Amino acid sequence: MTLSNRFDITPAKFSEPYIVYQNVAISLKGRGITIRKTEELGRYSIVGFQNANIILGDKFSQAVLSSPFYIELPEQKKQVEMLLKGRADVVVMDVNIFNYLSKEFLGKSHMDNVDVHRIFPKNPYRLGIMDDAIRLDFNHHLRKFKETEQYQIMLQQYDFLQ
């Protein structure tokens, strides 16, 4: 099961992180939007991912209350589309999901045309593994896999931004 530190599980039962999500605020470069902290989002129209107002915490929930327009969409492809068509000032989503979906939408990465505002902490995701031997074995093989050429190829294939 995919877990983060927000789950109430004894940390000793977590595997090492196997993926790190980085939620960010993304705006089009030409709009001249600068966002240095979460509270500044309230000035803009925002499209978030489903349950963002819960997942991203109280500061985000308060900021979107003063936003002129805020909506959460379960289909993140629609978030990208709304930003690229100028229907929202800002989208809030994982930077790598945006990169992937912008390529799917346009046929190429759109990262050069956007500003990425890194106002949220990184979220490492782990597996909850109750059996100590299995968890140690998983961690060992995960570390070994991250040292392989196949892992690097996978990062390049998905154009994973770190």
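The values are calculated or read from the model by the stated rules, or taken from the named source; none is laboratory data. Predicted model only: the values in this text are computed from it and were never measured. No Cβ is skipped: glycine too gets one built from the backbone with ideal geometry, and neighbour counts run over all protein chains shown. Only protein heavy atoms, including side chains, enter the accessible area calculation; ligands, DNA and RNA are left aside. Shrake-Rupley method; radii C 1.70, N 1.55, O 1.52, S 1.80 Å.
Screening ALA63 on (1) within 23 Å of SER102 (Cβ to Cβ); (2) crowded, with 17+ Cβ neighbours inside 10 Å shows it passes everything except condition (1).
At positive phi and in contact with a Ser or Thr (Cβ under 9 Å, 6 or more places away or on another chain): which single residue out of GLY57, GLY32 fits that description? Even if it seems obvious, please write down each step before you answer.
Numbers: GLY32 fails: in contact with a Ser or Thr (Cβ under 9 Å, 6 or more places away or on another chain).
Selected residue: GLY57, the only one of GLY57, GLY32 that is at positive phi and in contact with a Ser or Thr (Cβ under 9 Å, 6 or more places away or on another chain).
Considering each residue of the range 100-132, count those that are outside any loop (DSSP other than H, G, I, E, B) and either touching a residue at least 24 places away in the same chain (Cβ under 8 Å) or of a type outside the set (A, V, I, L, M) (or both), and give that number. Full working, then the answer.
First, pick out the residues of the range 100-132 that are outside any loop (DSSP other than H, G, I, E, B): 100-106, 111-117, 122-128, 132.
Next, only the ones that are either touching a residue at least 24 places away in the same chain (Cβ under 8 Å) or of a type outside the set (A, V, I, L, M) (or both) stay: 100-105, 111-117, 122-128, 132.
Result for the range 100-132: 21.
For the range 1-17, filtered to residues that are modelled with pLDDT of 90 or more and open to solvent by 20 Å² or more (accessible area, probe 1.4 Å), the residue that is farthest from ILE129 (Cα to Cα) is PRO17. Here ILE97 does not qualify as under 30 Å from GLU16 (Cβ atoms), outside any helix (DSSP H, G or I) and either touching a residue at least 12 places away in the same chain (Cβ under 8 Å) or open to solvent by less than 70 Å² (accessible area, probe 1.4 Å) (or both). If you go through the range 49-94 and pick out every residue that is touching a helix residue (DSSP H, G or I) at 6+ places or on another chain (Cβ under 7 Å), under 18 Å from ARG118 (Cα atoms) and assigned to a strand (DSSP E or B), you end up with 5.
For the range 12-33: of the residues being over 16 Å from MET111 (Cα atoms) and not small (Gly, Ala, Ser), which is nearest to the chain's Cα centre (by Cα)?
Here is the first cut: in the range 12-33, the residues over 16 Å from MET111 (Cα atoms) are 12-21.
Cutting the leftovers down to not small (Gly, Ala, Ser) gives us 13-14, 16-21.
Numbers: LYS13: 24, PHE14: 21, GLU16: 19, PRO17: 15, TYR18: 14, ILE19: 11, VAL20: 8, TYR21: 5 Å.
This residue is TYR21.
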